[in-house]
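The values are calculated or read from the model by the stated rules, or taken from the named source; none is laboratory data. All of these numbers come straight from a predicted model, not from anything done at the bench. Cβ placement follows ideal geometry from the backbone for every residue including glycine, while neighbour counts extend to all protein chains displayed. The area values use the complete protein model at the heavy-atom level, side chains included, leaving out ligands, DNA and RNA. Shrake-Rupley method; radii C 1.70, N 1.55, O 1.52, S 1.80 Å.
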Amino acid sequence: MPYVAYYRVSTLQQGRSGLGLAAQQQMVRSFVREDAVLGEYVEVESGKTAERPQLRQALQLAKARGAVLVIAKLDRLSRNVAFIASLMESGVEFVACDQPQANKFTVHIFAALAEQERDLISERTRRALQVLKKQGKQLGSPQNLTLEAQVEGLATRQRNARQHEGNRQATALILARLAQGHSYNQIALELEELGFRTRRGCTFTHKQVQRLAQRAAQA
């Protein structure tokens, strides 16, 4: 099976230095034979935008040669639902080295949850800053830097906890399965079969599944 590799780095500095790129390439080369890769495309782009000329070229080559688009990690594509949908509609098959079992259903869920979390964090930060303004604080001035930093620090901690890749994807699957009537035990078993692990590297139990579901409901 021929493959076309696609790599994405988030900043120009990362693109020039190779930071993160080498790790992605290593994952792909460990996943498929090097001689099976027809071409490699590197995108220096933000994950929020769907304007990716390198990805378009990669998809064109893959479609013309009947190849599979291979990526190191699902988040290298995008966390935008509309973008994922456009990729699906291109007719090109793709596989992620970190989640080879992922299908169209799970990928849409992962993207939807990530997009929702991004919007929630942005809204929480906006409201917190509005509170400071109503209190007469001039944001950005030296005397109020600590307050603003606290707000931004809180948003960062929330983002790190909620958008931890394993938890984010596991939560997406948990919510989908609960909506389908699955029990916590059934979901825990499925997560184990798919290779999911908690932030501490342990297998999921029904209590951990329940905890993630409750956190999502409280968000």
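Mind ranking Lys207, Lys134 by accessible surface for me, highest first, 1.4 Å probe? Intermediate values should be presented prior to the final figure.
Numbers: Lys207 125, Lys134 175 Å².
Order by accessible area, largest first: Lys134, Lys207.
Using the Cβ-Cβ distance between Arg56 and Glu93 with R0 set to 22 Å, the FRET efficiency from 1/(1 + (r/R0)^6) comes to roughly 0.85.
How would you rank 185-198, 26-39, 58-71, highest first, on the average number of other Cβ atoms within 10 Å across their residues?
Descending mean neighbour count gives 58-71, 185-198, 26-39.
Extension gain, Arg200 to Ala22, is 61.6 nm, computed as 0.36 nm per intervening residue step minus the present C-alpha separation.
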